[in-house]
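Read the figures in this text as sums done on the coordinates, not as results from a lab. Fair warning: this is a prediction, and the values are worked out from it, not measured in the lab. Reconstructed Cβ throughout: ideal geometry from the backbone, glycine too, with neighbour counts over all protein chains shown.
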Amino acid sequence: MTDMFDLTGKVALVTGGSRGLGLEMALAFADAGADVIVASRKIEGCEAAAEAIRARGRRALALSVHAGRWEEVERLVERTYADFGCVDILVNNAGMGPSHPSHEMTEALFDKVVALNFKGPFRLASLIGHRMAQGEGGSIINISSGASWKAMPRVVAYAGAKAALNAMTIALAQEYAPKVRVNAIAAGPFLTDIAKAWSEAQRETAPNAAGRPGRADEIVTSALYLASPHSSYVSGTVIRCDGGLRG
């Protein structure tokens, strides 16, 4: 790891950090010197990720949290600050994007999608952003999606929630400035657990300039850049990490 991405002494909180892109980012932060809190619904996955982080010589905490429920988000914040004293880097990564005919979507499923992709991240970013602004500052990274700007049928609720996440990113960057930077990464197709349900063609090709889906580790440099002090003049922006997704 280069000195440019040195996170020694920093504390990172990653939701949805037990697998996929979240796990890759959590491990990358640990490799760069940060202690990491891994939060996700299934504690077994969180514990496994925390063990991998401890094996890298860093402190780690595994917490079972439904990131779409405010009362659980609030408990996550209180436990994190009680154990670590601060959060320097927050990654709002937990999310879900079920493909569903829009006319068949139930209100319950719509609410679940919006809660996990926008309502919960809003609460977590607001609570931690406020504390960061009162303290030494920090970096908030929201994981968005190409669906937030590209027309993608059957994922309308997800796309709308991610578009709201983009708007939140820009607004909170102003609200908690200048000590807190808030940015987003609009991720394209990645070969994470979700790809197991894809066809062989979808796993090998993608409608982007790269012509393929991304490997999970290809999110890492974008995340490290936004987490590190070397992006100190970058705030309120959405970085596309999608291989050049076509509109």
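Listed values, structure above:
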{"item": "Between helix 120-134 and the chain: long-axis angle, C-alpha atoms, 0 to 90°, nearest 10", "result": "30 degrees"}
{"item": "Neighbourhood charge, 11 Å Cβ-Cβ cut-off, centred on Trp149 and excluding it, Lys, Arg +1 and Asp, Glu -1", "result": "+2"}
{"item": "Debye intensity ratio in log₁₀ form over the Cα atoms of the range 166-225, taken at each q of 0.14, 0.17, 0.21 Å⁻¹", "result": "-0.55, -0.70, -0.85"}
{"item": "Degrees, to the nearest 10: 156-175 long Cα axis against longest axis of the chain", "result": "30 degrees"}
{"item": "Ala209/Ser102 FRET efficiency (R0 35 Å; Cβ-Cβ; nearest 0.05)", "result": "0.75"}
{"item": "Choice from Gly57, Gly97, Gly68 showing the highest fluctuation, given a GNM over the chain with Cα pairs closer than 10 Å", "result": "Gly57"}
{"item": "Unit charges on C-beta of K, R, D, E only; dipole of the chain, Debye", "result": "320 debye"}
{"item": "Calculated P(r) tail over 18 Å for the range 68-192, as whole % of Cα pairs", "result": "53 percent"}
{"item": "Kirkwood Rh, angstrom, the range 204-247 [1 / mean 1/r, Cα pairs]", "result": "11.8 Å"}
{"item": "Degrees between helix 20-31 axis and first principal axis of the chain (Cα, 0 to 90, nearest 10)", "result": "20 degrees"}
{"item": "Separation of the Glu71 and Glu175 label points, Cα + 7 Å toward Cβ, nm", "result": "2.3 nm"}
